[in-house]
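In what follows, a structure is listed as structure tokens, so that the remarks can point back to it.
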Amino acid sequence: MCSCVWSSRALSPVLLPRLLLPQTGHRLSGRSLWTSPHCMAASGDSQLLPLPNQARVVICGGGIVGTSVAYHLAKLGWTDIVLLEQGRLGAGTTRLCAGIVSVAKPISIECQMANYSNNLYQRLEEETGIKTGYVKTGSLCLAQNQDRFISLKRLASRLKVMGISCNIIKSKDVAKLHPLVNIHDLVGAIHLPSDAVVSPPDVNHAMAVAAAAQGNLKSYLTVNLLYHISVVQQVLVEKGHVMAVETERGSIECEYFINCAGQWAYELGQASEMKVSVPLHGCEHFYLLTKPLQEPLPSFSCPVVIDMDGRIYARSWQGGLLSGGFEKNPKPIFTEGRNQLEIQNMQEDWDHFEPILSALLRRMPGLELAEIHQLVNCPESFTPDMRCLMGEIPGVSGYYVLAGMNSSACGHRQTSCYVPSFQYLAEWMTYGYPTANVWPLDIKRFGNLQSSRTFLRHRVMEVMPLLFELKVPRWDFQTGRQLRTSPLYDRLDTQGARWMEKHGFERPKYFIPPGKDLLSLDQSKTFYKPDWFDIVGAEVKCCKEAVCVIDMSSFTKFELTSTGDQALELLQYLCANDLDVPVGHIVHTGMLNERGGYENDCSVVRLSKNSFFIISPTDQQVHCWSWIKKHMPNDPHLHLEDVSWKYTALNLIGPRAMDVLAELSYVSMTPDHFPSMFCKEMSVGYANGIRVMSMTHTGEPGFMLYIPIEYALHVYNEVMSVGQKYGIRNAGYYALRSLRIEKFFAFWGQDLDTFTTPLECGREFRVKFDKDTNFLGREALMQQRQDGVSRRFVMLVLEDHDTELDLWPWWGEPIYRNGHLAGTTTSSAYSYSLERHVCLGFVSPPPGPDGHPTPITPDFINRGDYEVDIAGQHYPAKAKLYPFSSLFTQQKRRKEDLELSNLQGK
């Protein structure tokens, strides 16, 4: 490449091309970043091998994703694995990967996976005898401002829970660890001594060799197999099951198919006989390579540098430096289907890279004299929420996906933290479930609505810059909005609604009162007391004293019907509670898996003898549908319908809700006439057929109204008109969150997951062990009840915590009991009733002498001294197994009675 000497004056967009092109015009031209010889076919004559007629599993994609899946399947004893690759092994984005292995991840499951990757790479050389380029360099994540420093402190608290070594350090300590870093504008940093770097092609080769050593892997490198329609005709599906893969060189019958096609996973999904949604999109990603510096960087002691505020990362490379970043104006690619030759012809773009280069020179001024070796332009695929896609495709048994290993805060995820996702996928296919909660990565968190090419193109332009953005609590995506809306959206928007998005659905957070500064509220970002605090407080107060309306139309809604008892029999098997109740009754229940964990947390209404209405969380729409359909018998007389779009849901919360509905329906709504957990079909205003339910999901009095969408605006207007005399107002989900947390209500996806059982979260009363029929998960719960649970869901109220000045808890904070780590929080909110912060979470006793879990007792919980760690600061807390609200209400009444008696005494 160019051997010119760089200075800060050379950053002009006009000068950059001139400095590079005349000398060599050195493009990527298909060359690998790494000098490894292993970025090639598994054997010299592998292209001559005929394809087999059948296999147990076919993996499409020979990059580090495909070979790692094969490796982990082989480790679990799988045989007859066929790996298909369109060119050479690891010839795609794997050979261009930066190779940074860091635990600095935004969510816990990713931190755990990065730690696993680190350990695996260390032992892979010993296992295979192949050098992987593994060097434990450590890494430095820098902070240029206090908010970033707080986020790093929160990360450090989370990592310590996992036993991962990390240190919060001062800026002067950064200079001691890395000779090139300019520290003048730094507030501090986190040092991760166990982070490392690897050679991705070598790791890929080692994985393939290790899998083949098990005698289970056959590698067939068919030219252009994955992409061209003439080559990959389709994945054949029969009766909802994968049957075969058709290629240009013939068909392979198989039980399982795994889409590991990386950039081409979307197109490969569309090539199936039954189209499969794999929501991801490609973007160009640039990084720079320098020649060895005058004082070469020591590869074994120089840590990786991640400067998120500067949008750059850097690591030592062959005596020089490798540095890239995530710019604010990314360049989407592959909007139409393309083949692998596109990667080889991707062009340098120095004008586009200039902001990253400028940031690098500000952080490392000593590089001004460095000689440029190459500017690499490689594709990266991004999902709509920046996390990878894994799991079985809903509706197609045996079709698995593992893709979207996009860049992250440490460079490239496919070599940084997602190797355990391959392990989890292998476990999923072997045992029917992974050994960790992977819901944040499960492909079923998305639906077809997130698969629009236009949506993905717009979202990827937001997602890539977000990788290095400071994400404070309650941040929201800005692209792909107003995709799914309630019929009341425009009406609520004009009344000051501020919106958040869930599963593509717009939901109100809170409502801005007239006269408030809308712009400052929308731009408010903080880890401290938020600007909407008083607004939400007023909504909560109205819910408790008058009546509020919350639009909850985003909830998932199904109807299960049958001509006979089939619907009841299915629900009795799937649900832990007893669904054989009188018509009109509502049952809160969990749908459990074989381990007794929650696959779904729902409310079920018996509409008639053979008809049921199922209400589930918003983001459970695809997952819950898939779970029910998976267990439904093939019976034409049994029918499941997704009716989420048919009904608008209004939640009337507060003591005056019954007065509003009574006026609109001319029916008494008192508990004597309308008992709790009951459903009636009623008229409200002029509208007929409204399903009115006496529940609110908050523990407060009130009603849920499920309204056919054509009546939604009329019913809302009538409710607001009649409710004026009762002090009615709109409220949002932030108020709902505060109310449900102070009532100790657990929500799926936040507090509950597939590893949480009813016995662990205090919901044993919703499990009917003695009902006439067996239910899924019963045996596991019976065993757990006999052995005792090793963790419990608790409610903690913070003490000595200043709401105005102290950092707020949000979720994921470590919980300490008597000075020892006992668990983590799962959700939290400020309780306006208790005037304190409330955290929900799980605590466990220390393991026994044999290392096995110890049963937890009420005494263990009640007699401990608790603290919650918020960014390294410990705050004392009281822990209970029941809501504090009843206790504080009694104390408040005693105080009011005392004040009244004193007043009367005077």
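The values are calculated or read from the model by the stated rules, or taken from the named source; none is laboratory data. Small disclaimer: the values here were computed from a predicted structure and weren't measured. Counting neighbours? That spans all protein chains shown, and the Cβs are built from the backbone with ideal geometry, glycine included. Accessible surface areas use protein heavy atoms only, side chains included; no ligands, DNA or RNA. Shrake-Rupley method; radii C 1.70, N 1.55, O 1.52, S 1.80 Å.
Listed values, structure above:
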quantity: For the chain, calculated [θ]222 nm from helices alone, where every DSSP H run of n ≥ 4 adds -39500 (n - 2.57); calculated: -8000 deg cm²/dmol
quantity: Length added when fully stretched, Thr854-Glu127, from 0.36 nm per residue minus Cα-Cα; calculated: 258.2 nm
quantity: Cα-centred dipole magnitude for region 429-554, charges only on beta-carbon of K, R (+1) and D, E (-1), debye, nearest 20; calculated: 340
quantity: Across Lys630/Lys743; Lys131/Lys172; Lys239/Lys502; Lys105/Lys471, pairs whose alpha-carbon gap is larger than 24 Å; calculated: Lys630/Lys743; Lys131/Lys172; Lys239/Lys502
quantity: Förster radius 35 Å - calculated FRET efficiency between Gln786 and Ser397 (Cβ-Cβ, nearest 0.05); calculated: 0.55
quantity: Three-way shape call for the chain based on the alpha-carbon gyration tensor, with the a/c threshold at 1.5; calculated: prolate
quantity: Alpha carbon centroid spacing (whole Å) that separates region 660-731 from region 135-204; calculated: 54
quantity: Charge dipole of the chain about the Cα centre (unit charges at C-beta), most positive-ward option of Val692, Leu661, Leu367; calculated: Leu367
quantity: Nearest-ten-degree value, helix 778-787 long axis tilted from longest Cα axis of the chain; calculated: 90
quantity: Heavy-atom accessible surface of the chain: percent carbon and sulfur, 1.4 Å; calculated: 50
quantity: Label-to-label distance, nm, for residues given as Glu248 and Asn862 (7 Å Cα→Cβ offset); calculated: 7.3
quantity: Relative packing of peptides 665-671, 370-376 - highest average C-beta neighbours within 10 Å first; calculated: 370-376, 665-671
quantity: Asp534-Tyr882 pseudo-label distance in nm [points 7 Å out on the Cα-to-Cβ vector]; calculated: 3.7
quantity: Estimated FRET transfer efficiency (Ala662, Val581; beta-carbon r; R0 30 Å; 0.05); calculated: 0.70
quantity: Segment Asp185-Ile512, extension gain: residue separation times 0.36 nm, minus the distance between their alpha carbons; calculated: 114.0 nm
quantity: Solvent-accessible heavy-atom area per residue, rounded to whole Å², over the chain at 1.4 Å; calculated: 39
quantity: Gain in span if fully extended, Gln347 to Trp811, counting 0.36 nm per residue against the direct Cα distance; calculated: 162.7 nm
quantity: C-alpha long axis of helix 453-466 to longest principal axis of the chain, angle in °; calculated: 80
quantity: Cα centroid of region 797-866 to Cα centroid of region 613-629, whole Å; calculated: 31
quantity: For region 698-796, size of Cβ-based charge dipole, Lys and Arg +1, Asp and Glu -1, in debye; calculated: 240
